[in-house]
Amino acid sequence: MTDDRNDVFVDYLRRLASTDDRAALAALRQGFANPLRALPFVARFLPAAGGRRSEDTLLLLGGLFALHPSAGTSSLASALRRLAENSDSIELRFRALLDCDGEDLPNHLRHAVALAASHELSIDFENLHRAIRGWDHESRFVQRKWARDFWSAVPKPDADGSGDTSTADDREMAK
């Protein structure tokens, strides 16, 4: 699946949130337990020859967005880093997330996104989509990038107070 198609799916998710389509967002959340509930909202974005992995990726991303329908520019790791300043357990959870394999990733991400949502920290869902797709790559480039995001110094909020923590590496991962 191309990045253009990813952006279209995330844009669609944002439209669901902006129009307050509660039924669609609820169905996407229910997709964690019953993928058939969320499939009507995901299927049109699947490539013809995408296979099960593409389907699982979009179902996961849709469910995560529905848990926390906000748009941001921070990677999930950067958002968690901001929370870790006040909690030692966040770092432990983050380490477990980095160490998990693709099979356990949905559970770890669901908890991490819910945690970000509970503290009203928005995340970059295009970045999260690319991370999910690259999670099982043998080089572990996603985990290394997230580790750098998490353990690097936390930047000061922008002049507008948004706390945008995107980096040049985030923009490189977007390519």
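Nothing in this text is a laboratory measurement; each read-out follows from the coordinates by a stated rule. Worth saying up front: this structure is predicted, and the values here are computed from it rather than measured. Reconstructed Cβ throughout: ideal geometry from the backbone, glycine too, with neighbour counts over all protein chains shown.
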Could you give the size of the charge dipole of segment 1-159 about its Cα centre, using +1 on the Cβ of each K and R and -1 on the Cβ of each D and E, expressed in debye and rounded to the nearest 20? 120
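For a protection proxy built on the mean count of beta-carbon atoms within 10 angstrom, sort 8-19, 92-103, 55-66 highest first, please. It would help to have the intermediate numbers written out before the result.
Working: 8-19: 16.3, 92-103: 13.9, 55-66: 23.8.
Per-residue Cβ counts within 10 Å, averaged per peptide and sorted highest first, yield 55-66, 8-19, 92-103.
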On a full-extension model of 0.36 nm per residue, what is the gain between residue 36 and residue 52, subtracting their alpha-carbon distance, rounded to one decimal in nm? 4.5 nm
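Let's see if you can work this out: charge +1 on each Lys and Arg Cβ, -1 on each Asp and Glu Cβ, no other charges. What is the dipole magnitude of segment 3-67 about its Cα centre, in debye to the nearest 20?
220
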Burial ranking of peptide ranges 126-139, 75-88 (average Cβ count within 10 Å, highest at the top): 75-88, 126-139
Of 30, 58, 18, which is farthest towards the positive pole of segment 3-67's charge dipole, taken about the Cα centre with +1 and -1 on the beta-carbons of Lys, Arg and Asp, Glu respectively? 30
Residue-wise, which Karplus ³J(HN,Hα) couplings in Hz belong to segment 97-114, taking 6.51 cos²θ - 1.76 cosθ + 1.60, θ = phi - 60°, and x for glycine or proline? 4, 4, 7, 6, 8, x, 5, 8, 4, x, 5, 5, 5, 4, 5, 5, 5, 4
Which order, highest average first, do 104-114, 44-54 follow once you tally other Cβ atoms within 10 Å for each residue and take the mean per peptide? 104-114, 44-54
Expected output is a single nm value to one decimal: the length gained when fully extending between residue 15 and residue 119, i.e. 0.36 nm times separation in residues minus the C-alpha distance. What is it? 35.2 nm
